[in-house]
Amino acid sequence: MNLPRSLIALLLAVAAAVASAAPAPLATEKLEPFLETHCIDCHDSDLNKGGLDLDALGRDIKDPATMARWVRIQDRVESGDMPPAKKKRPTGAELIAFSESLSESLTRAHAASKAAVLRRLNRREYENTLNDLFGTNLKLAATLPEDGLSHGFDNLGESLSVSLPQMRAYLDAVDQVLDAAIEKRTERPKVEVKRASYADSREGKQFIPKLWKKLDDGAVVFFKSQGYPSGMLRDANVRGESGFYKVRVTGYAHQSDKPVTFSLGATTFARGAEKPTFGYFSLPPGKPSTVEIEAWIEQRYMIQIEPVGISDRDNEIRKNGTADYAGPGLAILHVELEGPIIREFPSRGHRLIFDGLKRTEIQPRNPNDKKKSWYQPKFEIAAASPAEEVRPVLQRVATAAFRRPADAARVEPYAKLFESELANGDTFENALRTAVRAILCSPDFLYLREPAGRLDDHALAARLSYFLTRTTPDAELLAAADAGRLANGGDELPRQTDRLLNNPRAERFIADFTDAWLDLRNIEFTNPDQKLFPEFDEYLLYSMVRETRGFFATLLKENLDVANFVDSDFVFINDRLAGHYEIPGVAGPEFRKVKLPADSPRGGVMAHASVLKVSANGTTTSPVLRGTWTLERILGITPPPPPPAVPGVEPDIRGAQTIRQLLEKHRSMASCKGCHQLIDPPGFALESFNPIGGHRERYRSIGAGDRVNAEVRGRRVNYRLGQPVDDSGEIEGRAFASFDEFKALVNSDRSRFARCLTEKLLTFAAGRELGFSDRAEVKRIVAELEKQGGGLRDLVRLVVRSEVFREK
């Protein structure tokens, strides 16, 4: 079915309205004399020092690039960097007059432009919203075009356009949701329990006693297979419908005095299909025990269990089988699969659409057909006056979709669409479905309707909900908006903030914000070189992200000082990361808060393996990449892009030269020196960590260097140790001798990082880039945060109460 033309026209009108913003010229009467006297002799078309030609620089600061150049001029003059010291300095009165005039123009221009941008739901928000409204659990984001990124954020209005192919993708997504939400059954599905054992599986018959060992009560798996059978258990499968299932694994650690850890996930024979890992767990030695989880499992998937941390060191099993093998293993007695677990029947989406309508099953001609396995019920809706009966239904759906009460006028176009479809011979249900599809593809659903100026209660409820739970407002928040209790400056908005932070859906906020701020969405972008980093495995990758998100969650829950993001005396780790970080005394896959030893280089997100991996390329590290990352994510500085036609610096993996030596040559180029003096030092500070986050004193190489007497998973390593690491440097005239000293320098100015994090949170919360007119409010928040002790939860509260958050 094609997209209704009325919706296309509305979208095009919206785009035209945004594009027609009026020019914003500078008030130059007070600026030009200053520029002529103190600036133009170096920055005209002849000299053009620093790449700045004031003659050619535009005065219409509606243009983002022009605005950025004038902001840069304002900052350089205000800081005293310009005019340079060797030039005649302006008087105090001249500086004040110039700064105030330019600041007034920049503030006015930015304040006008920020209200003109509409903010569309991004892919994750769209998926969450439809799933939460209709009670489904579909992976819709993967079916939609990728969202644009701006400084790591994918929820900013400036980067979120809409195209006709995207609208077609929305229609397809809505069809998936409606198909899943609308019940095709008349009774709640029965919950079934399947019990399976490796000993009785097809693979058991094939691999016992070659790879697995038969016991009286089950079977033992000794190591993770690199191929078939890979821990699959065919009989613990979902042959019916996708859904939530309880999975129970009963077993114990075999021939071991310590627990054995294993991954629990699902697999399928379909090529290229995702194979999710639900988590890592352990079974203790001795008496059998049971691990139970609840997970979403797709149709035709089977349970997969793989031990970690144990291996066939000397290929003894492969040579002699398992009968006399004395090494540790994972004994699995049985696995139970219970489900599907359905907590709502019919679904909330079904009720949203059909409550109040008389929808009944069409009885088959032969009543015995209902007993057949192939039978699918069909339904019809009986209505004496379809046009009248559909309007309250559409009003209910539109109110839920639009995140505010939908009056009769707002609903009327969708009611007319329903009547048109009905007149063309469609059934009541199909015509209703068409109208619902139109509602869910309308600008009122796809966009957050935020009027310029102070947000009203419903706009504020939507902004708060998409900030902290990444979805549409729930019933309690909407009730507060309906009653007008959010925008009045009272206690309701702070109370709702705390309630949403305590909601399980706040995990989405933590995941999406750390994905954007710390770039964790790229954790799987590179595969570390197995010759250089053989210790890297799936368990480590899994643990990396959970450490950083768990660390953020800990600071949020306990309201700990945001300075802990730069340096902390604790980490949030499990046994895999404890081994990686060389921290003793941590056993088991459970994540917990662990106090750091005094001599540990860890503490703060810059030392998290996740951050160190996403800021490297999998084989080598680059101070340029890590320095840029640190400037943007920790210090709040956006370095300029490299000049065109200048080649990058590639590390020497043969170990002949260090990256510092290569960069010293690079900085000898005049076009590179200025920026690299800013970028390289923070990157040098992180050179004491390798691309997978391990601490190092020397670089690894696959060429020159000293041999290493070490094994990983029973195999001798192939890499060598090359040049020593030097993590010293100088930033803003202050030297540091190590990574620890660099962290101390950053934390010596508490307001710097607090300002950076405040800007990141405000950007994520408001869905737009911050600009010149926001500076005063950011400064006020940082000052108030310092008074309150610097807690992360306090910062989130201050963000929500800020003018930036409460205004468009």
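Stokes-Einstein diffusion of region 402-481 at 25 °C, 0.890 mPa s viscosity, Kirkwood radius from Cα pairs, rounded to a whole number: 173 µm²/s. Along its principal axes, region 154-306 has C-alpha extents of 61, 43, 27 angstrom, given from the largest down.
Gyration tensor analysis over the Cα atoms of region 522-585 returns equivalent ellipsoid semi-axes of 25, 14, 10 Å (largest first, whole Å). Within the assembled protein chains, the solvent-accessible surface assigned to Leu770 is about 40 Å², based on a 1.4 Å probe.
On the basis of the beta-carbon distance and an R0 of 41 Å, Gln255 and Asn617 show a calculated FRET efficiency of 0.50. Between region 302-317 and region 432-482, what's the alpha-carbon centroid distance in Å? Value for the Cα centre distance between the two parts: 50 Å. Based on Cα atoms of region 59-203, Rg over Rh with Rh as the Kirkwood radius reads 1.32. Only protein heavy atoms count here; on that basis, with a 1.4 Å probe, Trp374 has an accessible area of about 150 Å². Sequentially through region 794-806, phi angles give Karplus couplings (6.51, -1.76, 1.60; θ = phi - 60°) of 4, 5, 4, 4, 5, 4, 5, 7, 6, 5, 4, 6, 8 Hz, Gly and Pro residues having no value and appearing as x.
Between Met82 and Val77, the built amide H atoms are under 5 Å apart, and every one of these is 5 or more places off in sequence or on another chain.
Length gained on full extension, Asp407 to Lys779, computed as 0.36 nm times the residue gap minus the Cα-Cα distance: 129.8 nm. Which pairs, out of Lys224/Lys613; Lys275/Lys378; Lys593/Lys808; Lys49/Lys808; Lys194/Lys372; Lys275/Lys760, put more than 31 Å between their alpha-carbon atoms? Too far apart for the 31 Å limit: Lys275/Lys378; Lys593/Lys808; Lys49/Lys808; Lys275/Lys760. The string of couplings for region 274-288 from the Karplus curve (6.51, -1.76, 1.60, θ = phi - 60°) is 5, 10, x, 9, 7, x, 10, 9, 9, 10, x, x, x, 5, x Hz, one whole number per residue in order, with x for Gly and Pro. When the trypsin sites (Lys or Arg not before Pro) in region 40-88 are filtered for DSSP coil states and for at most 16 other beta-carbon atoms within 10 Å of their beta-carbon, the remaining sites are Arg59, Lys86, Lys87, Lys88. Annotation: extensible slack from Glu344 through Asp749 equals 140.6 nm (criterion: 0.36 nm per residue apart, minus Cα-Cα distance).
Based on alpha-carbon atoms, the Kirkwood radius and the radius of gyration of region 671-771 give Rg/Rh equal to 1.13. Near Ser230, the amide H atoms lying under 5 Å from its own belong to Ser225; only residues 5 or more places off or on other chains count, and H is placed 1.01 Å from N. Scattering from the chain was approximated by placing one identical point on each alpha carbon and applying the Debye formula without solvent; log10 I(q)/I(0) at 0.05, 0.06, 0.08 1/Å stands at -0.34, -0.49, -0.86. Taking all protein chains as they are arranged and a probe of 1.4 Å, the heavy atoms of Asp749 leave approximately 60 Å² accessible to solvent. On the principal axes of its alpha carbon atoms, region 469-569 extends 63, 30, 18 Å, with the longest extent given first. The distance between label points at Arg195 and Lys787 comes to 6.5 nm (points 7 Å beyond Cα on the Cα→Cβ vector). Working value for region 217-333: equivalent-ellipsoid semi-axes of 26, 17, 11 Å, each the square root of 5 times a Cα gyration tensor eigenvalue, largest first. Full extension of the chain segment joining Ser45 with Tyr228 gains 59.0 nm, where the gain is 0.36 nm per residue of separation less the Cα-Cα distance. In order along region 256-265, phi translates into HN-Hα couplings of 8, 9, 10, x, 10, 8, 8, 8, 10, x Hz, rounded to whole numbers, per the Karplus curve 6.51 cos²θ - 1.76 cosθ + 1.60 with θ = phi - 60° and x for Gly and Pro. Quick one: which residues, 5+ away or cross-chain, put their amide H under 5 Å from the amide H of Cys42? H built at 1.01 Å from N. For Cys42, whose amide H was placed from the backbone, there are no distant partners under 5 Å. Extending 7 Å from Cα along the Cβ direction at Arg271 and again at Asn503 yields two label points whose distance is 4.3 nm.
The values are calculated or read from the model by the stated rules, or taken from the named source; none is laboratory data. Just so we're clear, the structure is a prediction, and the values are computed from it rather than from any experiment. Every residue, glycine among them, receives a Cβ derived from its backbone with ideal geometry; neighbour counts consider all protein chains shown. Calculation scope for accessible area: heavy atoms of the full protein, side chains included, ligands and nucleic acids excluded. Shrake-Rupley method; radii C 1.70, N 1.55, O 1.52, S 1.80 Å.
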